[in-house]
């Protein structure tokens, strides 16, 4: 059975990562068309062209600005929401968690179309501008919020609830007690949620496509490139994007493993 399970695991990983491996290999292929399946030689010129392309760099800058602002906004709002949900009673907390989790299970195309209609209606009502950077940031904050809340809530539940009250009994004002006592305890969850929000924002295409207007992000630009002549620059761009997301996911997993080890160690010391 162990051999069968190992073979099955190997096949699963092969099925998942073989296309990505081929993409990475052919990003170094010395040919003018990315659709050619013969490796003719090693070259780095597609990466050189990638970072010399003004439109790609503009799309990258837009993506990073949106991802950073959306991650920070979702982290602040998600942390405050998690604190509020954690202080609720059992039934209201369940209701709020179901409402919070709904954007995660809702199809992205439904979320994208509904946000586009909302932004268009709001602009007509208040005389705003066309869809662009602002609508993208609001949309990204919206779908990143549930992930931040789900990252912070477990840390709030693990924390000793008497610490906050003890700080207040010792004369610490409520706001200062939160920043001095609660915030350090839940900081690992906040950092994990922020990295997760940043990753999701960089990677999003469907919702961004409906709420971007004339503003282009990297996923949208890749899609527009595939509708024209397929260039090997797409392989290089996809490889860079994949490696960035992979690094962020590794950081998240390492932090979660460290938090689990610290929690186990603290439990043993208390025991």
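Bear in mind that the values in this text are calculations on the coordinates, not laboratory data. From a predicted model like this one, the values you see are computed outputs, not experimental measurements. Here the Cβ positions follow ideal geometry from the backbone for every residue, glycine too, while neighbour counts run over all protein chains shown.
Could you tell me the relative contact order of the chain? Use alpha-carbon pairs under 8 Å, at least six residues apart, and round to a whole percent. Write out the running numbers ahead of the final one.
Values: 270 pairs, mean separation 82.0, N = 271.
After rounding, I find 30 percent.
For the stretch 38-88, just run the numbers: alpha carbon Rg, then divide by 2.2 N^0.38 Å, N being how many residues it has. If you can, show how the numbers build up before the last one.
Values: Rg = 20.2 Å, N = 51, 2.2 N^0.38 = 9.8 Å.
So the stretch 38-88 has a normalised radius of gyration of 2.06.
Among 261, 54, 157, determine the one that fluctuates most according to a GNM of the chain built with springs between C-alpha atoms less than 10 Å apart.
261
Would you mind checking the tilt of helix 218-227 against the longest principal axis of the Cα atoms of the chain, expressed as 0 to 90 degrees and rounded to 10?
Relative to the chain, helix 218-227 is tipped by roughly 30 degrees.
Taking the stretch 214-265 on its own, what percent of its Cα-Cα pair distances exceed 12 Å? Spell out each step's value before the answer.
Numbers: 958 of 1326 pairs.
Percentage above 12 Å: 72.
Evaluate the distance, in nm, between pseudo-label points positioned 7 Å from the Cα of residue 17 and of residue 104 along their respective Cα→Cβ axes.
Using points 7 Å along Cα→Cβ, the separation is 2.6 nm.
Sorted from largest down, give the three principal axis spans of the alpha carbons of the stretch 29-154, whole angstrom values.
Sorted from largest, the Cα extents of the stretch 29-154 read 65, 41, 24 Å.
If I build a Gaussian network model for the chain, linking alpha-carbon pairs within less than 10 angstrom, which residue out of 242, 198, 21 has the largest mean-square fluctuation?
21
Compute the distance from the alpha-carbon center of the stretch 129-177 to that of the stretch 243-257, in whole Å.
22
On the principal axes of its Cα set, how long, how wide and how thick is the stretch 146-194? Give whole Å, largest value first.
34, 16, 15
For the chain, count all C-alpha to C-alpha pairs, find those more than 27 Å apart, and express that count as a whole percent of the total.
Details: 19733 of 36585 pairs.
The calculated P(r) of the chain puts 54 percent of pairs beyond 27 Å.
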